[in-house]
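S.K.: Structure below; questions to follow.
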Amino acid sequence: MMPSMAERHKKILEKLKLTGYISVNELSDELGVSAVTIRKDLKLLESKNLLFRSHGSALLQNPYIADRHVNEKEQLYVEEKRRIALYAAGLISDGESIILASGSTINELARQIEPNKKIIALCASLMAARELAVKGISEVIQLGGLVRQSSASAVGPFAEKMLEGFLCSKLFLGVDGIDTDFGLTTTNALEASLNQQMIRSVEKVIVLADSSKFGRRGFSRICHLDQVDQLITDTGLSDSSAKLLEERGIDVVRV
């Protein structure tokens, strides 16, 4: 017997809560109704702000990210970011040269790095550079150029030019969105361009991102997933999402 509209809507929302994403064709096969019917269902559910439609599929939330000030981001997922940063800090050894990008999780990483660590740290984030400088890190290099106000970090051609002369062991990169098809993104084109130069200047790319960043997209692509070596996130990342990332060759750590 064909399910009623109410039953279809209930099953669609239940499925989305489990997976975060489902295609029209999958729903059509699963519910035994036409794709036209499913599209009408999704349109109605979207009008009630219960999901977001995108290219023959449905998502639980709008994947496109608006830019927010880093001070606002600092108040979100505080414990998750602390755990991620603490784990990342444990990967840094004396004698290394590292790059810290920008963002609230990167700023938390700067707080978690041990005082008097014998490392060279190149920083885009003004907050991270200050944090490391006052705790006696051997050498802190602040990238110069235009200061992006919302992230309190350096961006632009001057910062990129500085990086051309360095080769570091690890990049710790914060992102605004991670999409398995589109890759890593940020809301700012200049920041994406600087991040790309950072990737060219290191041996290993380590992404720090809480689980809320998955399935989201910013305005500018930083890179595809095949350029990422390791991802450190929290336990909110689903097993299915972790498996997709691991299939791309990424070492996924959930803390």
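Values quoted throughout were computed directly from the atomic coordinates according to the rules given, and no laboratory measurement underlies them. Remember, predicted model here, so these are calculated numbers, not experimental data. Backbone-built Cβ (ideal geometry, glycine too); neighbour counts: all protein chains shown.
S.K.: Grab the other residues whose beta carbon is less than 9 angstrom from that of Arg217, score K and R as +1, D and E as -1, and report the net.
M.R.: 0
S.K.: Related question: Are any of the pairs Lys73/Lys117; Lys43/Lys81; Lys15/Lys204 more than 31 Å apart by Cα-Cα distance, and if so, which?
M.R.: Cα-Cα > 31 Å for Lys43/Lys81; Lys15/Lys204; rest within.
S.K.: Still on this structure, I have one more. Using a simple spin-label model with points 7 Å from Cα along the Cα→Cβ vector, what separation in nm is obtained for Arg39 and Asp251?
M.R.: 4.6 nm
S.K.: Quote to one decimal, in nm, the extra length available between Asp29 and Lys17 on full extension: 0.36 nm per residue of separation minus the C-alpha distance between them.
M.R.: Result for the pair: 2.4 nm of gain on full extension.
S.K.: How much of the DSSP bridge set in the stretch 77-232 is antiparallel, in percent, rounded to the nearest 5?
M.R.: Of those bridges, close to 30 percent are antiparallel.
S.K.: For the peptides 94-106, 231-243, 149-161, 39-51, what is the packing order when you average, over each peptide's residues, the other Cβ atoms within 10 Å and list the highest mean first?
M.R.: In decreasing order of mean packing, 94-106, 231-243, 149-161, 39-51 become 94-106, 149-161, 231-243, 39-51.
S.K.: What order do you get for Val134, Val140 when you list them from fewest to most C-beta neighbours inside 10 Å?
M.R.: Ordered by Cβ neighbours within 10 Å, fewest first: Val134, Val140.
S.K.: May I pose another question? Answer with one residue from Gln142, Ala58, Leu190: the one whose Cα lies farthest towards the positive end of the charge dipole of the chain, charges on Cβ with Lys, Arg +1 and Asp, Glu -1.
M.R.: Ala58
S.K.: Contour minus end-to-end for Met1 and Asn116, with contour as 0.36 nm per residue of separation and end-to-end as the Cα-Cα distance?
M.R.: Between Met1 and Asn116, full extension yields 34.4 nm more.
S.K.: Please check: in the Gaussian network model of the chain (C-alpha springs, under 10 Å), which one of Val24, Val207, Val147 has the largest mean-square fluctuation.
M.R.: For the chain, modelled as a Gaussian network with Cα springs under 10 Å, the answer is Val24.
S.K.: How large is the charge dipole for the stretch 80-181, taken about the Cα centre, if only the Cβ atoms of Lys, Arg (+1) and Asp, Glu (-1) carry charge, to the nearest 20 debye?
M.R.: 380 debye
S.K.: Mind putting a number on the dipole of the stretch 70-254 about its Cα centre? Charges go on the C-beta only, +1 for Lys and Arg and -1 for Asp and Glu, and I need it in Debye to the nearest 20.
M.R.: Dipole of the stretch 70-254, to the nearest 20 debye: 320 debye.
S.K.: May I ask you to derive the FRET efficiency for Asp94 and Asp181 from their Cβ-Cβ distance with R0 = 51 Å, giving the value to the nearest 0.05?
M.R.: Efficiency computed from Cβ-Cβ geometry: 0.85.
S.K.: Mean residue ellipticity at 222 nm from the helices of the chain, using -39,500 (n - 2.57) per DSSP H segment of n ≥ 4 over the full residue count, to the nearest 500 deg cm²/dmol?
M.R.: So the calculated ellipticity at 222 nm is -11000 deg cm²/dmol.
S.K.: Still on this structure, please answer the following. So if I place +1 on the C-beta of Lys and Arg and -1 on the C-beta of Asp and Glu, and nothing else carries charge, what would the dipole magnitude of the stretch 1-154 be about its Cα centre? I want it in debye, nearest 20.
M.R.: The dipole of the stretch 1-154 has a size of about 400 debye.
S.K.: Stretch Gln196-Asn49 to full length: gain in nm at 0.36 nm per residue minus the Cα-Cα span?
M.R.: 49.4 nm
S.K.: What is the distance, in nm, between label points placed 7 Å from the Cα along the Cα-to-Cβ direction at Ser238 and at Glu79?
M.R.: Once both label points are built, they end up 2.3 nm from each other.
S.K.: Let me know the shape class of the stretch 5-59, please: from the alpha-carbon gyration tensor, a ≥ b ≥ c as square roots of the eigenvalues, rounded when a/c is under 1.5, otherwise prolate if a/b is greater than b/c, or oblate.
M.R.: rounded
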